[in-house]
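A.B. asks: Before I ask anything, here is the structure I am working with.
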Amino acid sequence: MRPHDMRNALIEVQDLQIKFDISAPLLTRLLQKKKKTYVHAVRGIDFEINPGETFSLVGESGCGKSTVARLLSGLYEPSGGRIHFKGHDMAKVDKRTMKELRKSFQMIFQDPFASLNPRWKVERIIGEPLELFGLLPDKQERKQRVGELLRQVGLSENDMTKFPHEFSGGQRQRISIARALASEPEFLICDEPTSALDVSVQAQVLNIMKELQEKLGLTYLFISHDMSVVSHFSDRVGIMYLGQLVEVGNVDEIFEQPKHPYTKMLMDAIPSMDEINKERTPVTGEVPNPLNPPSGCAFHPRCPNATAQCSQEAPVLVKNTSGHAVSCFNV
Ligand SMILES: Nc1ncnc2c1ncn2[C@@H]1O[C@H](COP(=O)(O)OP(=O)(O)O)[C@@H](O)[C@H]1O
Ligand SMILES: [Mg+2]
């Protein structure tokens with residue numbers, strides 16, 4: 001386990017927030033005397049990711065994981081808070097530094113079919129970032145590098161003459177990984193990269209990602225709703241609920257001594273290989289509507305231990321000396 005050291009963090013996120021304006025058009029609002037409506041999708045989260053580490057975000061669908069990924073990759077602008085990448089405040093860097101930094105982080109999405117241009121051959125798909133960043137202007141050199149990248153993800157250089165539809169789901173995700181690696185990034189944001197794949201293929205792709213991490217010294221933000229995948233893949237884990245982090249800690253701490261009642265609820269629902277007959281407790285209740293989050297602790301309507309305080313006051317994430325942080329009044 002790597003030491004937890006914020007001073008050397010590659011990514012540092014402080015009080016990150018985003019509100020989406022989902023108001024009706026102006027005229028409708030005026031006629032119906034309605035106010036503007038916002039979804040507060042990410043409601044002030046803090047974490048840091050150290051070089052070479054895999055930090056995972058987990059939580060049920062709709063809790064804001066993809067939104068965090070998009071904020072970090074610059075696809076959305078935060079409504080509040082800060083993102084530091086390699087010590088640079090991303091809201092303040094000049095254009096030139098931003099262009100330099102852009103090479104260092106890349107994103108891998110859940111659905112490789114949607115993210116790979118179906119009309120392009122693999123050579124162009126993987127070669128495009130090289131061209132875009134002006135890394136290898138020479139076509140022959142670029143081709144050679146594309147071949148290298150394909151071999152790195154377990155495909156063959158002959159695959160560069162094919163189109164995305166000629167590959168299986170797992171192979172397509174390997175192509176996405178090769179493309180993401182083209183600009184020699186340090187940081188990969190992986191949003192449910194294997195969730196659309198069969199279990200056996202999932203394992204292959206995750207293994208390749210692990211191998212590449214070790215070989216190239218990559219840092220991962222890994223996003224998943226699957227606790228068992230997260231337990232195998234992560235160094236540290238953050239549990240998200242309704243746009244906030246409720247627990248953050250080393251993977252062993254989180255899986256062996258979960259503290260937050262929501263983490264425990266997710267944990268109880270994991271099928272276990274050792275205890276085939278183990279009674280699985282399904283996750284109960286529903287995620288509240290983010291348009292109208294519950295008062296106090298957002299989890300209190302589903303929490304077995306909720307007290308009066310929980311419905312009135314919002315707990316904050318409190319860190320113990322080992323870096324394990326929980327936001328719950330009853331822990
Ligand atoms: N572009 C957007 N406009 C409005 N609401 C959005 C947008 N993107 C996400 N949301 C809302 O933000 C919340 C979090 O979504 P998301 O980040 O996709 O969750 P997850 O990836 O954890 O399933 C959801 O309630 C979703 O409806
Ligand atoms: Mg998502």
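A.B. asks: Can you tell me how many residues in region 86-116 are closer than 28 Å to Leu206 by Cα and loosely packed, with under 12 Cβ neighbours inside 10 Å?
C.D. replies: 1
A.B. asks: When region 124-142 is examined, which residues are found to be assigned to a loop (DSSP other than H, G, I, E, B) and either among the acidic types (Asp, Glu) or touching a residue at least 60 places away in the same chain (Cβ under 8 Å) (or both)?
C.D. replies: Answer for region 124-142, where residues must be assigned to a loop (DSSP other than H, G, I, E, B) and either among the acidic types (Asp, Glu) or touching a residue at least 60 places away in the same chain (Cβ under 8 Å) (or both): just Asp138.
A.B. asks: Additional query: If you go through region 143-184, how many residues are more than 17 Å from Leu218 (Cα to Cα), part of a helix (DSSP H, G or I) and not basic (Lys, Arg)?
C.D. replies: 18
A.B. asks: Before we move on, is Ala203 at negative phi and assigned to a loop (DSSP other than H, G, I, E, B)? Step through it out loud before you land on a result.
C.D. replies: Numbers: at negative phi: yes; assigned to a loop (DSSP other than H, G, I, E, B): no.
So Ala203 fails the test.
A.B. asks: In region 59-85, how many are among the basic types (Lys, Arg), in contact (Cβ under 8 Å) with a residue 24 or more places away in the chain and buried (at least 16 other Cβ atoms within 10 Å of the Cβ)?
C.D. replies: Within region 59-85, residues that are among the basic types (Lys, Arg), in contact (Cβ under 8 Å) with a residue 24 or more places away in the chain and buried (at least 16 other Cβ atoms within 10 Å of the Cβ) number 1.
A.B. asks: Anything in region 184-203 that is crowded, with 18+ Cβ neighbours inside 10 Å and away from ligand 1 (no atom under 16 Å from the Cβ)? List them, or say none.
C.D. replies: Of everything in region 184-203, those that are crowded, with 18+ Cβ neighbours inside 10 Å and away from ligand 1 (no atom under 16 Å from the Cβ) turn out to be Pro185, Glu186, Phe187, Leu188, Leu197, Gln202.
A.B. asks: Let me ask something else. Which of the residues belonging to region 28-58 are among the hydrophobic types (A, V, I, L, M, F, W, C) and surrounded by fewer than 15 Cβ atoms within 10 Å (Cβ to Cβ)?
C.D. replies: Leu30, Leu31
A.B. asks: Step by step: first the residues of region 92-116, then only those that are within 20 Å of the chain's Cα centre (by Cα) and part of a loop (DSSP other than H, G, I, E, B), then the one that is modelled with the highest pLDDT. Which residue is that?
C.D. replies: In this case the residue turns out to be Ser104.
A.B. asks: Also, I was wondering about something else. Which numbered condition in (1) farther than 22 Å from Phe255 by Cα; (2) within 15 Å of ligand 1 (Cβ to nearest atom); (3) assigned to a strand (DSSP E or B); (4) of a type outside the set (Phe, Trp, Tyr) is the only one that Ile45 fails?
C.D. replies: Exception for Ile45: condition (1).
A.B. asks: Taking region 277-318 only, how many residues are of a type in the set (Val, Ile, Thr), closer than 19 Å to Val42 by Cα and in contact (Cβ under 8 Å) with a residue 12 or more places away in the chain?
C.D. replies: The qualifying residues number 1.
A.B. asks: To continue, here is another question. Report whether or not Leu30 is farther than 30 Å from Pro258 by Cβ, outside any strand (DSSP E or B) and within 16 Å of ligand 2 (Cβ to nearest atom).
C.D. replies: no
A.B. asks: Can Lys210 be described as away from ligand 2 (no atom under 16 Å from the Cβ), free of Cβ contacts under 8 Å to residues at least 12 places away in the same chain, among the basic types (Lys, Arg) and not in a loop (DSSP other than H, G, I, E, B)?
C.D. replies: Here the answer is no, as Lys210 does not meet what is asked.
A.B. asks: For region 110-118, indicate whether the set of residues that are acidic (Asp, Glu) and within 16 Å of ligand 1 (Cβ to nearest atom) is non-empty.
C.D. replies: There is at least one residue in region 110-118 that is acidic (Asp, Glu) and within 16 Å of ligand 1 (Cβ to nearest atom).
A.B. asks: Here's a follow-up. Among the residues of region 49-87, how many are more than 16 Å from Cys190 (Cα to Cα) and charged (D, E, K, R)?
C.D. replies: Summing the residues that are more than 16 Å from Cys190 (Cα to Cα) and charged (D, E, K, R) in region 49-87 gives 4.
A.B. asks: So, in region 185-195, exactly how many residues are acidic (Asp, Glu) and part of a loop (DSSP other than H, G, I, E, B)?
C.D. replies: Residues flagged as acidic (Asp, Glu) and part of a loop (DSSP other than H, G, I, E, B) within region 185-195 amount to 2.
A.B. asks: Within the bounds of region 80-98, is there any residue that is within 13 Å of ligand 2 (Cβ to nearest atom), among the small types (Gly, Ala, Ser) and farther than 23 Å from Asp21 by Cα?
C.D. replies: No, the conditions are met nowhere in region 80-98.
The values are calculated or read from the model by the stated rules, or taken from the named source; none is laboratory data. None of these values were measured; they are calculated from a predicted model. Note that we place each Cβ from the backbone using ideal geometry, even for glycine, and neighbour counts take in every protein chain shown.
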